[in-house]
Amino acid sequence: MAFLADALGRIKPSPTIAVTDKARALKAAGRDIIGLGAGEPDFDTPDNIKQAAIKAIQSGKASKYTAVDGIAELKAAVCRKFKRENNLDYKPSQVTVGTGGKQVLFNALVATLNPGDEVVIPAPYWVSYPDIVLLAGATPVPVTTRIEDGFKMKPEMLERAITKSTKWLIFNSPSNPSGAAYSRTEVKAITEVLMRHPHVWVLTDDMYEHLVYDDFVFSTPAEVEPRLYERTLTLNGVSKAYCMTGWRIGYAAGPEFLIKAMATLQSQSTTNPNAAAQWASVEALDGPQDFIPKHNKVFKERRDLCVSMLNQANGLVCPKPEGAFYVYPTCAGTMGKTSPSGKVLKTDEDFVTELLETEGVAVVQGSAFGLAPAFRISYATATEQLEEACRRIQRFCGNLK
Ligand SMILES: Cc1ncc(COP(=O)(O)O)c(C=O)c1O
């Protein structure tokens, strides 16, 4: 519609939210649906974190506006977290807190991008990266990774993608949607390329830092290459590891002038993130962390279950990722086949639509994440449900002609 802004024409609604909504609608209509679309843990927020919010509300600490980009107590807790877990020294003035990691990412990109700027984004990517870049009027430059490389970007691929217009590399390890995580050596190889291009900044999205399996050790760029510190924005949040997606708190740390610019933007949009959620996040970061390995044990079992069952399905190949709670099988082997309803599968969107219609399993098509034909499964769902879903996927693939 002519009344709407041109910028809106450059973006699309989040396809992961769209599939979750579709699955919810089918369920409400009485269908037996297993939703594997949502990117959130199925575990509840730990009780000590909930109690911290309740206490903040009851003591009146949550009643008023707070500092725009976070209460001092939370910024201090974030600084402690970066020191303790990543060996990164940040001052509170280098920390910003927003309404979820997504707002922090949005602030960073909108505060820095101009038309003509390019942002390198390894694919498959989290759907919001290119869309926020487009909204800001800049150009996403996807770098297609390969299944043989475990969906990780090789240094030479990054080297080829960088131009004089490149402003940011968005680096996401462990990755949504592939679960791929870069070892310290692999992070180092990426930072070596960046050292050759001093005009390129790195926005590292460490949201899934804690969700890694099989003794994998997480590393973040500024920790591996301290000379990148001055041009790194290290983004993280409480949503995934602390089971707090609904609370909407994310944070980042980086050079002070950038953090200030992001706060200016936030001051003219949402003002401060929810005050009670900020107090809950202080407890999340400073409180006991013992539930994380417990959750990870369950996630690892589910990952192994998915990888094993999906690799037994006709036409699917599913690499075993190091982290997050996603697997990303390719379905190239099913393309051109016909489903029992008579539909020829031409794209991964056809695959996921038919899978939902015939077997009631909701997954997200890989084309939404910039690497097709494939699909993303979120295994943050009850193990029995997951097993049943994988059985249905096997049956679906087995019935293709
Ligand atoms: C890679 C990645 N970064 C950031 C986010 C944003 O998280 P939040 O819920 O804190 O906005 C998500 C959420 O799905 C994600 O997958």
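Details
- Between V344 and S267, the distance separating the two model label sites (each 7 Å from Cα on the Cα→Cβ line) works out to 6.0 nm.
- Area accessible to solvent at E359, 1.4 Å probe radius, in Å²: 30 Å²
- Contact order normalised by residue count of the stretch 1-100, Cα under 8 Å, 6+ apart, percent: 16 percent
- FRET efficiency estimate (nearest 0.05) - Cβ-Cβ, D44 to E388, R0 25 angstrom: 0.65
- Our analysis of the chain gives Rg over Rh at 0.96, with the two radii drawn from alpha carbon positions and Rh computed by the Kirkwood formula.
- Between the C-alpha center of the stretch 86-101 and that of the stretch 343-401 there is a gap of 38 Å.
- Sequence-ordered 3J(HN,Hα) estimates for the stretch 129-144 from the Karplus curve with 6.51, -1.76 and 1.60 and θ = phi - 60° stand at 4, x, 5, 5, 4, 5, 4, 6, x, 9, 10, x, 10, x, 10, 7 Hz, glycine and proline given as x.
- Take each peptide in 312-320, 337-345, 173-181, count the other Cβ atoms within 10 Å of every residue, and average; sorted highest first, the result is 173-181, 312-320, 337-345.
- Alpha carbon convex hull of the stretch 153-288, projected area averaged over orientations, nm²: 9.6 nm²
- Ranking of L310, L265 by solvent-accessible surface, largest first: L265, L310 (1.4 Å probe, protein heavy atoms only, all chains present).
- Portion, in percent, of the accessible area of the chain that falls on carbon or sulfur, probe 1.4 Å: 55 percent
- The residues of the chain present an accessible area of 41 Å² per residue when probed at 1.4 Å with all protein chains retained.
- Applying 0.36 nm per residue to the separation of D89 and A332 and subtracting their alpha-carbon distance, the gain on full extension is 82.9 nm.
- Across the options F325, A29, A7, the greatest Cα extent toward the positive end of the charge dipole of the chain (unit charges at beta carbon of Lys, Arg, Asp, Glu) belongs to A7.
- The Cα atoms of the stretch 263-345 give a gyration tensor whose axes a ≥ b ≥ c have a/c of 1.5 or more with a/b no greater than b/c, which makes the shape oblate.
- Note: relative contact order over the chain, using C-alpha pairs below 8 Å and six or more positions apart, is 22 percent.
The values are calculated or read from the model by the stated rules, or taken from the named source; none is laboratory data. Keep in mind it's a predicted model, so treat the numbers as computed, not measured. With ideal geometry, Cβ positions are generated from the backbone for all residues, glycine too; neighbour counts draw on all protein chains shown. Surface accessibility is based on the protein's heavy atoms, side chains included, excluding ligands, DNA and RNA. Shrake-Rupley method; radii C 1.70, N 1.55, O 1.52, S 1.80 Å.
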